[in-house]
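A.B. asks: I have a structure I would like to understand better, so I am pasting it below and will then ask my questions one at a time.
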Amino acid sequence: MNIITIIGARPQFIKSSVLSRFIHENKSFGINEVVIHTGQHYDKNMYDVFFKEMNIPMPEVDLKIKSGNHGKSTGLMIGQIEDEIIKRKPDAVLVYGDTNSTLAGALAASKLHIPIAHVEAGLRSFMMIMPEEQNRRLTDHLSTWLFCPNRNALDNLRHEGIVDHNEANIKPSSDNKSVSISGDIMYDASLYYRTKNPFHTDEKDFFLLTIHRAENTDNEKNLISICNAINELSSYKFIFPVHPRTMKIIKDKKISLSHHIKMINPVGYFEMMALELACNAILTDSGGIQKEAYFYKKPCVTLRESTEWVELVEEGWNILSGADTEKIINAVKNLSIPSKYPSLYGDGNCAKYICDILTK
Ligand code: UD1
Ligand code: UDP
């Protein structure tokens, strides 16, 4: 089976490393993978570092389409991915998550009638204003194999009429879709790399902070409101690896952050894991980092109004504060670690499961 994998953004380098390694180490599946990087993320510490650290080859193809306006960069990606698909004639195109690169890969493949495998299918924030929600909904509806990280994601698909072909008697579907729970590929990554992480941090007694989502960066009011909260929490120490998008706005708008907030450049996955393991708690608007907080048993305050990872909120490990200054401060001051720690994201065999289903 020949597959093309489309990646473009930081979390996709981490997710794809797991499956690429599995395919490489398990030749008996007979999967040949070509990895195409759209170019969406391109800085050394947003791109190269991940391949070096994880010791996997750089993508065969780099389309070098840097992130820009959504329509323009997604359109450019579609055109060039289409050329690659025509040239390479894959049996399937595999995409991850919900970025513009995900949607571009799905649209290019679908127009050429190449079946799509979507890893991290079925997640919903129910906020169509988010670019990620648009990307993931469209990708799910175009996909043939939908790999859901958990039951909640599968149920979201069911509500949209996307069901496995074996269940067609429950809800008729004209498409021959394979919809199933694979577990979460980032959970696989956390288990695999934790034992291999050469990094250690001497930082102690701190909170880890990340901010990059459009709703908190394009919206200056939200970013200021979050920064006000962190500034007020001056009896705590924060470490803040700053996404380039956020850094640009902090500089442009001259937003000041106090000395108890240590701003650093984006770090590699290993260093991030070391920080996540060492911190007291995490404040973030990232999707992946909310889960990593749980993997490493750290309480999390999510700087958004909603989350796709609802089970974390239901289990008490995640508090949604939005960008509201008072809510953030209250959430931080009232953090606690729940006693229950259920298994929410599978058994760490997501990559094998995906290969089994694809080659069935
Ligand atoms: C993208 C995804 C988001 C994901 C995030 C992971 C979309 C719509 N958004 O958001 O879902 O959570 O990646 O990090 O696909 N930039 C650089 N250097 C880089 C990359 C980005 O300077 O290597 C700056 C550029 O100014 C760029 C801006 O960041 O315009 C935004 O990048 P973009 O990829 O559009 O969005 P992200 O916020 O990274
Ligand atoms: N990450 C990293 N370095 C950083 C920030 C994040 O390696 O400086 C990792 C993080 O551990 C997680 C992934 O990037 O595995 C999450 O990516 P991000 O927050 O950019 O995107 P999202 O998950 O929100 O799409």
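The values are calculated or read from the model by the stated rules, or taken from the named source; none is laboratory data. What you see is a predicted model; the values in this text were computed from it and never measured. Using ideal geometry, Cβ is built from the backbone for each residue, glycine included, and neighbour counts are taken over all protein chains shown. Calculation scope for accessible area: heavy atoms of the full protein, side chains included, ligands and nucleic acids excluded. Shrake-Rupley method; radii C 1.70, N 1.55, O 1.52, S 1.80 Å.
A.B. asks: Expressed as cubic angstrom per residue, what is the convex hull volume of the alpha carbon set of region 223-300? It would help to have the intermediate numbers written out before the result.
C.D. replies: On the way: hull volume 7.3 nm³, N = 78.
Dividing the Cα hull volume of region 223-300 by its residues yields 93 Å³.
A.B. asks: Hey, what D do you get for region 139-281 in µm²/s if you plug the Kirkwood alpha-carbon radius into Stokes-Einstein at 25 °C and 0.890 mPa s?
C.D. replies: Details: Rh = 18.5 Å.
Reported coefficient: 133 µm²/s.
A.B. asks: With the other protein chains left in place, how much accessible area per residue, in square angstrom, belongs to region 1-135 at a 1.4 angstrom probe? It would help to have the intermediate numbers written out before the result.
C.D. replies: Details: 5610 Å² over 135 residues.
For region 1-135, the per-residue accessible area is 42 Å².
A.B. asks: In region 172-251, which GluC sites (Glu not before Pro) fall in coil by DSSP and have 16 or fewer other Cβ atoms within 10 Å? All intermediate terms of the calculation are to be shown ahead of the outcome.
C.D. replies: Details: sites: E203, E215, E220, E232; in loops: E203.
Within region 172-251, the qualifying GluC sites (Glu not before Pro) (loop, at most 16 other Cβ atoms within 10 Å) are E203.
A.B. asks: Restricting things to Cα coordinates, could you compute the convex hull volume per residue of the chain in Å³? The partial results should precede the final answer.
C.D. replies: Details: hull volume 46.8 nm³, N = 360.
Cα-based convex hull of the chain, divided per residue, equals 130 Å³.
A.B. asks: Considering region 149-228, what Rg and Dmax in Å follow from its alpha-carbon atoms?
C.D. replies: 20.6, 57
A.B. asks: Can you give the three extents of the C-alpha atoms in region 188-232 along their principal axes, from longest to shortest, in whole Å?
C.D. replies: 41, 25, 12
A.B. asks: Can you give the three extents of the C-alpha atoms in region 252-360 along their principal axes, from longest to shortest, in whole Å?
C.D. replies: Principal-axis extents of the Cα atoms in region 252-360, largest first: 55, 31, 25 Å.
A.B. asks: Further, regarding this structure: Pick from L138, L19, L94: which residue has the top mean-square fluctuation in a GNM of the chain where Cα pairs under 10 Å get a spring?
C.D. replies: L138
A.B. asks: Of the DSSP beta bridges with both residues in the chain, give the percent that are antiparallel, rounding to the nearest 5.
C.D. replies: Details: 0 of 39 bridges.
Once the DSSP bridges in the chain are tallied, antiparallel ones form about 0 percent.
A.B. asks: Connecting C-alpha atoms closer than 10 Å in a GNM of the chain, tell me which of S28, S101, S178 has the biggest fluctuation.
C.D. replies: S28
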